[in-house]
Amino acid sequence: GVCLVLGGAGVAVVQPAGGKQISLETSTAPAADSPATDPTAPSTAAPTTDAPAPAAAAPTTRAPATTAPKRTTTTGRQSAAAAPQVVAPGVAFTAPALPSSPHTPASSPVPPTAAGDSISTAPLLPGTTTTTSAGTGRFAFLDTWGNGKPARWNPCTPIHYAVNTSGAPAGALALVQQAVARLASATGATFVFDGTTSEVPTSSWGFGPSSSFPSGWQPLLIGFPTPGESDLVDGENAGAAFPVTLEFTATGELVDVSGAVAVDGELAAILPMTFGGASVGSILLHELAHALGLGHVDDRAEIMNPVVGAWTPSTWGSGDSEGLRQLGTASGCTRAVPAAPWG
């Protein structure tokens, strides 16, 4: 998972001493594309090609990266809360342990999948590789396995998502659906809207069943919690996101099966409901790309720059687009994902 902060740590967010009001320091934002705000608007997705999945090699067990997101410049690692749950022979994952303090994580052999996004000072995650392709800008992956291949969702099967609009600004659902449609277009994957939900995105989402989704891998959950409602936002970061990843240890292949995106609800209430500049749409695009597997890059021409400000483009930069393309159908199908251990 990864987070954003507006301003000094990604996106500039300033919290007055002794106060709960969050203000955003930005210069005049560029003209932005304003999306429709019809909450009933359906999401759109590019069609996928169901290429056959490669034959599965007998994997051994190892826990994938499943630690809780950190804030701003935190890059430490955390210990696992429990022994890995066996999903299938050679496939396992470990639910994360929440840190005793959001700024002092314990050490762990499991690499982090989330880091606080404070939009201007958040660094690249440990192990993240930045790539520049001919004719494109910069892009990075959150995690990679053999030969530098990125951890990614299977683009040949629908990616389900659900949205919690509790406390969200008017038009939030339509904005989310437009952001997801842009992600679908960039990756070629199909996204299926599973409806609205009361579930709250936290760092433990996706590692077990929920009351709303009692069986199967949990959908990508998108919400607008306030500090105190979720450990993914603490008043210092604009948002956070992470994928839940399985590892097939015989080959090392990493496949994402769930994830969460949180946008600070207090901040969303005072930002424009548009794309481009310091806006809710910019934060959504950044965090959704994290949930799909992109990391930070030090390039203001890209939405994956850890600082959101007036310079943030309203559409994917060339590096963003190339990174998302490589995470999508252009790279073919991933290993077939086994059923969730809880049924």
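For region 257-271, which positions are part of a strand (DSSP E or B) and open to solvent by 10 Å² or more (accessible area, probe 1.4 Å)? Give the derivation first.
The initial filter retains those residues of region 257-271 that are part of a strand (DSSP E or B), namely 257-263.
Once the filter is applied, which keeps residues that are part of a strand (DSSP E or B) and open to solvent by 10 Å² or more (accessible area, probe 1.4 Å), region 257-271 yields only 257.
Output the residues belonging to region 226-260 that are within 16 Å of the chain's Cα centre (by Cα) and among the acidic types (Asp, Glu).
Residues satisfying the conditions are 231, 256.
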Next item on the list: Report yes if residue 312 is among the β-branched types (Val, Ile, Thr) and crowded, with 19+ Cβ neighbours inside 10 Å, otherwise no.
Entry: yes
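Output the number of residues of region 181-207 satisfying the condition of being part of a loop (DSSP other than H, G, I, E, B) and either within 25 Å of residue 230 (Cα to Cα) or open to solvent by 40 Å² or more (accessible area, probe 1.4 Å) (or both).
Final tally of qualifying residues: 11.
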Margin query: Going residue by residue through region 158-180, is there one that turns out to be open to solvent by less than 20 Å² (accessible area, probe 1.4 Å), hydroxyl-bearing (Ser, Thr, Tyr) and in a helix (DSSP H, G or I)?
Written below: no
Item checked: All positions within region 220-256 that are open to solvent by 10 Å² or more (accessible area, probe 1.4 Å), assigned to a loop (DSSP other than H, G, I, E, B) and in contact with a Phe, Trp or Tyr (Cβ under 9 Å, 6 or more places away or on another chain) -> 251, 252
Note to self: Contact list please: Cβ distance under 7 Å, first residue in region 194-214 and within 21 Å of residue 343 (Cα to Cα) and free of Cβ contacts under 8 Å to residues at least 60 places away in the same chain, second residue open to solvent by 40 Å² or more (accessible area, probe 1.4 Å) and in a strand (DSSP E or B), pairs at least six apart or on different chains.
What the structure shows: 194/160
Note to self: Given (1) more than 18 Å from the chain's Cα centre (by Cα); (2) within 21 Å of residue 171 (Cα to Cα); (3) of a type in the set (Val, Ile, Thr), identify the lone condition not met by residue 263.
What the structure shows: (1)
Check: Counting only residues that are in contact with a Gly (Cβ under 8 Å, 6 or more places away or on another chain), part of a loop (DSSP other than H, G, I, E, B) and surrounded by 19 or more Cβ atoms within 10 Å (Cβ to Cβ), how many does region 300-309 have?
Finding: 6
Margin query: Out of everything in region 272-291 that is aliphatic (A, V, I, L, M) and farther than 17 Å from residue 318 by Cβ, what residue ends up being surrounded by the fewest Cβ atoms within 10 Å (Cβ to Cβ)?
Written below: 273
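Looking at 171, 216, 137, which one is at pLDDT 95 or above, closer than 22 Å to residue 275 by Cα and out of contact with any strand residue (DSSP E or B) (no Cβ under 6 Å at 6 or more places or on another chain)? Give the steps one after another, and end with the answer.
On the way: 216 fails: closer than 22 Å to residue 275 by Cα; 137 fails: at pLDDT 95 or above.
None of the other options fit; the residue is 171.
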Checklist line | Filter result for residue 214 (of a type outside the set (Phe, Trp, Tyr), open to solvent by 10 Å² or more (accessible area, probe 1.4 Å) and touching a Phe, Trp or Tyr at 6+ places or on another chain (Cβ under 6 Å)) | finding: no
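The values are calculated or read from the model by the stated rules, or taken from the named source; none is laboratory data. Remember, it's a predicted structure, so these values are computed and weren't measured experimentally. Ideal geometry is used to build each Cβ from the backbone, glycine not excepted, and the neighbour counts take in all protein chains shown. Areas reflect the complete protein model, heavy atoms only, side chains present, ligands, DNA and RNA absent. Shrake-Rupley method; radii C 1.70, N 1.55, O 1.52, S 1.80 Å.
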